[in-house]
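Engineer: Dropping a structure here in structure tokens format, bear with me for questions.
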Amino acid sequence: MAKKPTSKRSRTAKPAGSARKSAAAKSAAPKAKKSAPATKVAPAKKAAAKPAKKAAAKREAASAKAPAKAAGAKAKPAVKAKAPVKAKAPAKAAPKAASAKAAKPKATPRAKAAAAPAAAPQRELDDRQAPESLRLRAITPGITVGDIEGSRQFYVEGLGFTVKETWESEGKVQGLMLIAGGCVLALVQDDWAKGRDRVKGIGVRFYLDTSQDVDAIGARASAHGIAIDGPHDASWGARMIGVTDPDGFNLTFQRYTNR
């Protein structure tokens, strides 16, 4: 069998058509490549534009906050300035307080003395006697004793006096200052210039007031060999005991029971 002749046109037409298609595809491909980057660039710009906008918004917010902070910083002194205004409010009441203080004057020493219970009125200097009467703060009797050591034992150990001072001469005791509470008694050794037969203590008696138990004072004296007169109760409301010292001086201890 003979081969059928093939048409060159049909063979060549196909390639031409395909070439046209491929050329069109190629021409379209670059266009697509060119357009593709355009579509990709747009989001990048948008993405870059968004941070820029955010940064600008932050700057605007920061700039808006800065005046607000400045305004707030300025506003703080304003609040402090209000404090003195509030503090002035009590100042209005100050006149009242001042008037109250003026109404109630401070208690001066004279006012306190005036408010104290009224004491016995003191006479003015012009009203005093001329010459003035004697005014004493204390009295200290001094007695001459024959044996100062024996008298010391009687008063100190027997009755409870305390030695406050001692006077000596050439190593010998010549005098004693005795105390009992606020009372003082002086003992002086006799120098025998007026003779050794001189009698002492006649017509002399010391009345000694105490708040202590006179019965206990008498018991102590008795324990040291001192003769006791009493105790007994006097008609004027005192409990009493009496003793006589080695030189004949009489002492009466009394405690008032009605005081």
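Engineer: For Ser235, indicate whether it is assigned by TED's automatic domain parsing to the domain that holds Thr144 and loosely packed, with under 11 Cβ neighbours inside 10 Å.
Structural biologist: yes
Engineer: If you go through segment 182-207 one residue at a time, how many are exposed (fewer than 12 other Cβ atoms within 10 Å of the Cβ) and under 47 Å from the mean Cα position of the chain (by Cα)?
Structural biologist: So the count comes out to 1.
Engineer: I want to confirm something. Restricting to segment 129-154 and keeping residues that are aliphatic (A, V, I, L, M) and touching a Leu at 6+ places or on another chain (Cβ under 8 Å), which single residue is nearest to His224 (Cα to Cα)?
Structural biologist: Ile148
Engineer: Can you spot a residue in segment 164-175 that is surrounded by 16 or more Cβ atoms within 10 Å (Cβ to Cβ), over 15 Å from Gly248 (Cα atoms) and without any contact (Cβ under 8 Å) to a residue 60 or more places away in the chain?
Structural biologist: Checked against the condition, which is being surrounded by 16 or more Cβ atoms within 10 Å (Cβ to Cβ), over 15 Å from Gly248 (Cα atoms) and without any contact (Cβ under 8 Å) to a residue 60 or more places away in the chain, segment 164-175 yields at least one hit.
Engineer: With (1) in a helix (DSSP H, G or I); (2) of a type outside the set (Asp, Glu); (3) within 54 Å of the chain's Cα centre (by Cα); (4) within 16 Å of Phe154 (Cβ to Cβ) as the list, and Ala216 as the residue in question, which single condition is left unmet?
Structural biologist: That leaves (4) as the condition not met.
Engineer: Where residues in segment 127-163 are free of Cβ contacts under 8 Å to residues at least 40 places away in the same chain, under 47 Å from the mean Cα position of the chain (by Cα) and loosely packed, with under 12 Cβ neighbours inside 10 Å, which of them is nearest to Thr244 (Cα to Cα)?
Structural biologist: Thr162
Engineer: Of the residues Thr257, Thr210, which single one is under 15 Å from Tyr155 (Cβ atoms) and either surrounded by fewer than 18 Cβ atoms within 10 Å (Cβ to Cβ) or among the small types (Gly, Ala, Ser) (or both)?
Structural biologist: Of Thr257, Thr210, the one residue that is under 15 Å from Tyr155 (Cβ atoms) and either surrounded by fewer than 18 Cβ atoms within 10 Å (Cβ to Cβ) or among the small types (Gly, Ala, Ser) (or both) is Thr210.
The values are calculated or read from the model by the stated rules, or taken from the named source; none is laboratory data. This structure is a prediction, so every number in the text was calculated from the model and none was measured. Cβ coordinates were reconstructed from backbone atoms using ideal geometry, including for glycine residues, and neighbour counts include every protein chain displayed.
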